[in-house]
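Q: Mind having a look at this structure? Questions to follow.
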Amino acid sequence: MSVPDHRSSVTVTLKRGRKSRGGAVSTMDHLMLITMVLAICSTFSVNGERSLQLVNVLYRHGDRTPVDIYPSDPHKADTWPEGLGQLTTHGMNMHYELGQWLRERYMKSGFLNETYNRDALHVRSTDKDRTLMSAESDLSGLYPPKGNQIWNNGLTWMPIPVHTIPLDQDYLLKTNGPPCPRYDELKKETTTTKEYLAVQERYKDFLKNLTINTGFKEPLTVSDVYLVEDPLFVERLHGFRWPDWANVTGFYKDLKTVSDKGMYFLFNSKDKSRLKGGPLLGEIIENMRNKSETKDPMDLRRKFYMYSAHDTTVAALLSALGIYNGIQPPLASCVIVELWKEDDGENTVNILFRNDTTKAPYPLVNKNCKASCPLGNFTMLTKDMVPEDIKAACGITSPFLSNNISIIILISIVIGLLVVTILTLIGVLICRCRQSKIRHVRLQSDDTKA
Ligand SMILES: *[C@@H]1O[C@H](CO)[C@@H](O)[C@H](O)[C@H]1NC(C)=O
Ligand SMILES: *[C@@H]1O[C@H](CO)[C@@H](O)[C@H](O)[C@H]1NC(C)=O
């Protein structure tokens, strides 16, 4: 990214802005355009001719009530009238803000049409109230109805479909939803690794005291410290008082560190992040491949894929990409995977992480590819991380029957065995024939003897 690059792109875009509006651009518009262009330029280097093709967005739901409280929690479940694990009005606003931010980013530049069009956008959420509601809040910021889409003058909202599938089948977005015995094995193995044991050992006393203070029957470990971190974090955010043992300098910092470690250990190997982040990574690559290769008018009209899910989904995807920072993805944080066409026609991928609303999104770059990674390289680099058949990879269906080559091998073996069996049978029959002849002769001779 270099300064002259920025300047040239600002000029080019301004010229374009003027052209498309027939020369009638006010100073206000100019200012807005400059701000917008600068905002885009600050995240990655753009050159006047590269054009955005497709956007994939994965976000975590917004602020919610605690998923669970700890046994000695003074703030019982009935503290939360929405129920546990439910999106709060603050959470709705977080996503409304993200939706507006996406609108600013992608509509001002003319990439998305301000008018909602079902062909341009596909939204999928996990089948949880908080993610479904987050998606809806987000969409109300992204697509307020325009023109003849306004159906009720009292509402600047229109319904937009959010698709989902049952949690126990959602290998794409719900990391702890559907069964995956292979992952469970790997997760168990993790707790015996040096790296894990070192953290567990370092925070031994901290965890011991935490177990006593929170009233858990089983000793808390690095893996389940989130059971305390989550309710405390939410309670503080909502202005509730912490018990005295938690109101100690340095306590929350340690709690957060161990809790982040717990999330890190969920996906800290290729095998684990492949099983949990691989399916979504595969889908996003497929979205981009379709967009860049297909002549199918449907794929050509598609511009935006939106996925509404959880902190673990974000961590798993970033881990599979080798760019996870080890910090629990914040509420309403958002990973953006953009497909661009460069001026020389090359398709490139840019990844951004909006994890702080006060800052421009962070460009995330895998160490093996540059910031605008050519789609071909990106696909090659991540090939190992995308399971061909997730159920087989999880050890649910036999991996042997899951692809064509295996079936061909299997059929060959069966035919081979059949041939061997038939040959053996023929062999046995011939032998029997000879033997019976001999026996016959012998019998005769016996007869003669007798
Ligand atoms: C945006 O959508 C509206 C309504 O479908 C359409 O009339 C208009 O031409 C579109 N604008 C662009 C730039 O595609
Ligand atoms: C956001 O992500 C960046 C890049 O990984 C990281 O440096 C930063 O600490 C993160 N901020 C938060 C609030 O998680």
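The values are calculated or read from the model by the stated rules, or taken from the named source; none is laboratory data. Everything numeric in this text was worked out from a predicted model, so none of it was measured. Counting neighbours? That spans all protein chains shown, and the Cβs are built from the backbone with ideal geometry, glycine included. Note: accessible area is taken over every heavy atom of the protein model, side chains too, but ligands, DNA and RNA are not part of it. Shrake-Rupley method; radii C 1.70, N 1.55, O 1.52, S 1.80 Å.
Q: Within the accessible area of the range 7-393, what % is carbon and sulfur when the probe is 1.4 Å and the other protein chains stay in place?
A: For the range 7-393, the apolar C and S fraction of the accessible surface comes to 53 percent.
Q: Quick check: residue separation of ASP168 and ASN93 times 0.36 nm, minus the Cα distance between them. What number comes out in nm?
A: Result for the pair: 24.1 nm of gain on full extension.
Q: In sequence order, what are the phi-derived ³J(HN,Hα) couplings for the range 302-317 according to the Karplus relation 6.51 cos²θ - 1.76 cosθ + 1.60 with θ = phi - 60°, rounded to whole Hz, with x for glycine and proline?
A: Working through the residues one at a time gives 5, 10, 9, 10, 10, 10, 10, 8, 10, 4, 5, 5, 5, 4, 5, 5 Hz.
Q: Just check the range 174-253 against the gyration tensor rule for me: Cα atoms, a ≥ b ≥ c as the square roots of the eigenvalues, rounded for a/c under 1.5, and otherwise prolate or oblate depending on whether a/b exceeds b/c.
A: The shape class here is oblate.
Q: Ok, one more. So how many Lys-Lys pairs in the range 107-188 land under 21 Å Cα to Cα, not counting same-chain pairs under 8 apart?
A: Lysine pair count for the range 107-188: 4.
Q: Okay, next question. Tell me, what HN-Hα J-couplings in whole Hz come from the Karplus equation 6.51 cos²θ - 1.76 cosθ + 1.60 at θ = phi - 60° for each residue of the range 363-374, using x for Gly and Pro?
A: Whole-Hz 3J(HN,Hα) from phi for the range 363-374: x, 10, 10, 5, 4, 8, 8, 6, 4, 9, 7, x.
Q: For a 24 Å ceiling on Cα separation, which of these pairs sit above it: LYS256/LYS391; LYS76/LYS276; LYS194/LYS391; LYS217/LYS256?
A: LYS256/LYS391; LYS76/LYS276; LYS194/LYS391
Q: Using the Cα gyration tensor of the range 7-393, with a ≥ b ≥ c the square roots of its eigenvalues, what is the shape: rounded (a/c below 1.5), prolate (a/b larger than b/c) or oblate (neither)?
A: prolate
Q: Using a 7 Å offset from the Cα along the Cα-to-Cβ direction at both ARG301 and LEU155, what is the distance between the two label points in nm, to one decimal?
A: 2.4 nm
Q: Moving on. So, by mean Cβ neighbours within 10 angstrom, what's the order for 255-268, 310-323, 231-244 with the highest one leading?
A: 310-323, 255-268, 231-244
Q: Find the accessible area per residue for the range 268-398; the probe is 1.4 Å, ligands and nucleic acids are left out, and the unit is Å².
A: Here the per-residue accessible area is 42 Å².
Q: Still on this structure: What are the residues whose amide H is under 5 Å from the amide H of ASP127, where those residues sit 5 or more places off or on another chain and H is modelled from the backbone?
A: It is ILE165, LEU167, by chain and number.
Q: What order, most packed first, do the peptides 112-124, 197-209, 60-72 have when packing is the mean number of other Cβ atoms within 10 Å of each residue?
A: Descending mean neighbour count gives 60-72, 112-124, 197-209.
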